[in-house]
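What follows is calculated from the coordinates using simple rules that are stated; it is not laboratory data. Every value quoted in this text rests on a predicted model; they were computed, and no experiment measured them. All Cβ positions, even for glycine, are placed from backbone atoms using ideal geometry, and neighbour counts span all protein chains on display.
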Amino acid sequence: GEDVEQSLFLSVREGDSSVINCTYTDSSSTYLYWYKQEPGAGLQLLTYIFSNMDMKQDQRLTVLLNKKDKHLSLRIADTQTGDSAIYFCAESSHTGTASKLTFGTGTRLQVTL
Amino acid sequence: DTEVTQTPKHLVMGMTNKKSLKCEQHMGHRAMYWYKQKAKKPPELMFVYSYEKLSINESVPSRFSPECPNSSLLNLHLHALQPEDSALYLCASSQEGDGRQAQYFGPGTRLLVL
């Protein structure tokens, strides 16, 4: 299977920007996703980027994709305490009639006052 | 509306019990998924249904039995589970199963096997 790597932990102060990084291995992935998971909850889709794009902005979120290096990042501007959660990147792969997501290891974001 | 619902929220069962997890979506999505998530780990795919047919089984033990009665419902039948099966079970759906649409997740069922 493909390995999707993320750093385990990131701590930022409220109001600063957060940058969460992800390295994936499947160059055939067509879509790459960012999900947020709060304690005891399911996964919330934050944003996604098509593999032929290199940047996507959605309010406070900016996704950058470097396809050559298979590197994906999520920047959160003006980070708030409510942003504290685990963030997963995920790559999609298509097999026959269905697709599957392979998730990264997850990055725990801690926002301090 | 991007809501996927799951019941129950919590489940405790013994190793000889039979129980079922339920998942429902009313977004008209044609692909539905079961994932298993252990503590401090990412979700791992178990099953994919596309147009009510099982498309992917990630070599899941037979004590887990999925069922898709119709395009809105997905069940996971549990029988003779082991304590190591304790985890958060997440259901997801997407418009199609071709990888071009995002998957939307439910809140999960937290399962404890004693």
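Worth pointing out:
- Taking other Cβ atoms within 10 Å as a rough exposure proxy, A:D26, A:D58 sort from fewest to most as A:D58, A:D26.
- Normalised by the number of residues in the stretch A:26-113, the mean separation of alpha-carbon contacts (under 8 Å, six or more apart) gives a relative contact order of 28 percent.
- Neighbourhood net charge (11 Å Cβ-Cβ; Lys/Arg +1, Asp/Glu -1) for B:P69: -2
- Peptide B:38-44 - average C-beta neighbours from other chains (10 Å radius): 5
- Look at the dipole of the protein assembly as shown built from charges on Cβ: of B:L54, A:S73, B:H10, the Cα furthest out on the positive end belongs to B:H10.
- Fraction of the pair-distance distribution of chain A above 18 Å, Cα-Cα pairs, percent: 47 percent
- Under a Gaussian network description of chain B, with springs only between Cα atoms under 10 Å, the residue in B:P42, B:P66, B:P83 that fluctuates furthest is B:P42.
- Relative contact order of chain B: 37 percent, from C-alpha pairs under 8 Å at least 6 residues apart in sequence.
- Cα gyration tensor shape for the stretch B:22-67, rounded if a/c is under 1.5, else prolate or oblate: oblate
- Residue exposure sequence - A:T105, A:T112 - by fewest surrounding Cβ within 10 Å: A:T112, A:T105
- Sites A:H94 and B:M27, calculated FRET efficiency, Cβ-Cβ separation with R0 22 Å, nearest 0.05: 0.60
- Likely footprinting exposure, B:V4, B:V113, A:V19, fewest C-beta neighbours within 10 Å first: A:V19, B:V113, B:V4
- Spin-label model, B:N17/A:Q44: points 7 Å from Cα along the beta carbon direction are separated by 3.0 nm.
- Among B:N75, B:N57, B:N17, the largest mean-square fluctuation in a Gaussian network model of chain B (Cα springs under 10 Å) belongs to B:N17.
- Gaussian network model of chain B, springs between alpha carbon atoms under 10 Å - residue of B:S94, B:S62, B:S86 with greatest fluctuation: B:S62
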